Structures are given as C-alpha cells and as structure tokens.
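The values are calculated or read from the model by the stated rules, or taken from the named source; none is laboratory data. Remember, it's a predicted structure, so these values are computed and weren't measured experimentally. Cβ sites come from the backbone with ideal geometry, for glycine too, and all protein chains shown count toward neighbours. Accessible surface areas use protein heavy atoms only, side chains included; no ligands, DNA or RNA. Shrake-Rupley method; radii C 1.70, N 1.55, O 1.52, S 1.80 Å.
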Amino acid sequence: LISASYCLLFAAQRHVLTYMEDAVSQLLENREDISQYGIARFFTEYFNSVRQGTHILFREFSFVQATPHNRASFLRTFWRCFRTVGKNGGKYLLTAQEYHCLLQLLCPDFPMELTQKAARIVLMDDAMDCLMSFSDFLFAFQIQFYYSEFLESVAAIYQDLLAGKNPNTVIVPTSSSGQHRQRQPPSDCSTVDGVEASLFYQCLESLCDRSKYSCPPSALVKEMLSSAQRLTFYGFLMALAKDQGINRALGALPDKGDLFLDPAMDQELEKLVAQVSRLSVSGPTSSSGDTATVPVRNSPRINSPWKPLHHRRKMDAESEGSNEETDSSEN
C-alpha cells in the first residue's frame, strides 16, 4: 500500500493543491454555465487542459508563474504560437517592447520587467530598443522566466563575489507571490574579468542543493563552466541560454535546430485551412437546377472551465448588442 506521507509528497511536488484550488475557484465563478453539462465533466476538461498545457492561456500572471509546469506550458505555448516570427532565415527582428506585446496576447498582465531582463541577456550593454531574433530572445526568455528566483539569488552571489565577500549564506527567495523584485543588474562594464569560475560554481552548487525553487541541473552547470577561468554575470546567463543540455533538461522547447519545426501544429493548421476552403466553395448543383445545400455540422458549444469564459460571455453580450443595432437600422 502507498503510504500517506508518499501521497502528500507527490501532491506537493506536482502542486496538486494549486490546481485543485484553481479548479474549485473556476467552478464557483462559472457555476451557472457549468451546470449545463455537469461538475464531473468540468473537472475532466480542466485537468485535461492542465495535462495538455493549455490551461495557462489568457490567465493572470500570478497563475502562469505559479508552478514549474505552468511556466513550461507558457514557454511551449509562446513558441508554438509565434514561431513563424523566426522563420524565413530570421527575417523578422523585433524589439523587447514588441516581444512583450506578443507575451501579453497570451497573458495580458505579463510584467514588462521580465521581458526587459530577458532582452538584457541578449543585448548585454546595447540599447534596449535594439532588434533581436526570435530564437535569441526565446532561449534567453526561457532561462529568465523559468529560473527567475534562481537568477535573483545568483545576482546577489555575484555581487558579493565582486565585492570580495564569501557568500557563505545562500540567498533563497522566500516569496512565491509572483512579485519579481527589481534587480540591479551587475555592471559587467566595470569588471570585465568577472569572478573566478570555480568559486562561483561552488556557490551555485550550494544554492541548488538548498533552494526550493527550480534550478538548472548542477552537473550541467559544472560542465558548462569547466572550461572557463573567470566569467561575468551576463556571460553566465548567455551561456545558460545557449546550452542545449539545459534546454533539454527543462523540456519546454525543442533544440535550436528544430525550433521552427512543429509537425503537429502544422498538421492542425492544414486541417483548419482545408475546412475554411471547403466552406468557401459553393455546393454542387442539384438535379433540379437549384444549388444543393451544404450540410453544416453544429458542434455542441462547451464552455471552457478557465478564465476566458468570463471574457467570452462579455464578447457575446457585445455581439448581441451590435445585432440589435443592425436590426433597428434596417427597420
């Protein structure tokens, strides 16, 4: 028999309580709509969306960053939605502000600060309005977003080493509220040589052992730093972003060589285009000379169990209002 302590540990590691609380909250908020098809079906669809990673769409930032699975799902969704930006040989280059607008299409209150931190990894000391390729920004954003709390502690360790201090006490963020503190970026300009790589790694290894937040695998970090004598803070962040071993360990994005390949999504798009094409073609002429009516399949509309439901009802109300205006104008 599975012990109760093991079950509690599993639930904590998988953040089951977070999803249960969110599901109940959604249930109470949308109980009138959910009553049409039952509570059991609602929970089934909710946890299917969690498994598929679509549960984070259009949700508030506090929920998007609440669990490692949510963060990985958001990264994967951002890549799949906007990977075409990076096609055609990187023809389309965007600024940090423009990438932030794309992020806000998926999460309306996504903080600009995180976008700027990701852009700073790519641009280093360049102006923040410089253009970036999709792949450069995406892998930097992945590191900054997924390992956000870890990087806050790394920045503090780096500053202590620069000041000649030995950071015996590992600084671990204690807040999981999603309020990301304003980090003063270490000035790599004034310390070109950075800090000693071996001492820096010792501090990181201790941090990874004691931190309750997501950290990159220490073995991969050690391998990454093994050939360096000294390094700067942003040099370390750029190395993290470019390391494909760390990318694979995180598991949200494909390798850089496969970044613009997504057969599953392409297949879905092809099906959608084919359906639209069929609907736009007139039906065949019947034997009586009249145009045959193309049968229309009315799929049952099932309300989503997450936040967009509220916004959809608002849009439906606005749509009905516009129809009334049209009717009155015709009269």
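Taken together, the residues in the range 215-264 that are open to solvent by 20 Å² or more (accessible area, probe 1.4 Å) and of a type in the set (Phe, Trp, Tyr) amount to 1.
Note on the range 127-147: residues that are of a type in the set (Gly, Ala, Ser) and assigned to a helix (DSSP H, G or I) amount to 2.
Residue count for the range 77-126 satisfying the condition of being modelled with pLDDT under 95, farther than 22 Å from Lys242 by Cβ and not in a helix (DSSP H, G or I): 0.
Of all residues in the range 39-54, those that are exposed (fewer than 13 other Cβ atoms within 10 Å of the Cβ) have Cβ atoms under 8 Å from Cβ atoms of residues that are in a helix (DSSP H, G or I), 6 or more apart or on another chain, in Ile39/Leu27.
Take Gly178 and decide whether it is open to solvent by less than 20 Å² (accessible area, probe 1.4 Å), out of contact with any strand residue (DSSP E or B) (no Cβ under 7 Å at 6 or more places or on another chain) and modelled with pLDDT under 95. Yes: the conditions hold for Gly178.
If only residues of the range 55-81 that are open to solvent by 10 Å² or more (accessible area, probe 1.4 Å) and hydroxyl-bearing (Ser, Thr, Tyr) are counted, the one that is nearest to Thr18 (Cα to Cα) is Ser62.
Which of the residues spanning the range 197-214 are of a type in the set (Gly, Ala, Ser), within 19 Å of Ile143 (Cα to Cα) and open to solvent by 30 Å² or more (accessible area, probe 1.4 Å)?
The answer is Ser214, and nothing else.
Those helices (runs of 4 or more DSSP H) of the range 8-70 in which at least 3 residues are in contact with a His (Cβ under 9 Å, 6 or more places away or on another chain), considering only elements entirely within it, cover 16-29, 39-52. Kindly indicate the residue of the range 30-73 that is in contact with a Gly (Cβ under 6 Å, 6 or more places away or on another chain) and of a type in the set (Ser, Thr, Tyr) and also farthest from Arg14 (Cα to Cα) among those meeting that condition. The residue in question is Ser62. Scanning the range 115-133 for residues that are open to solvent by 50 Å² or more (accessible area, probe 1.4 Å) and more than 12 Å from Gln97 (Cα to Cα) turns up Arg120, Met124, Asp125, Asp126, Ala127.
Evaluate the range 6-26: report whether one residue or more is in contact with a helix residue (DSSP H, G or I) (Cβ under 7 Å, 6 or more places away or on another chain), of a type in the set (A, V, I, L, M, F, W, C), over 18 Å from Ala252 (Cα atoms) and surrounded by 16 or more Cβ atoms within 10 Å (Cβ to Cβ). Yes, the range 6-26 contains at least one residue that is in contact with a helix residue (DSSP H, G or I) (Cβ under 7 Å, 6 or more places away or on another chain), of a type in the set (A, V, I, L, M, F, W, C), over 18 Å from Ala252 (Cα atoms) and surrounded by 16 or more Cβ atoms within 10 Å (Cβ to Cβ).
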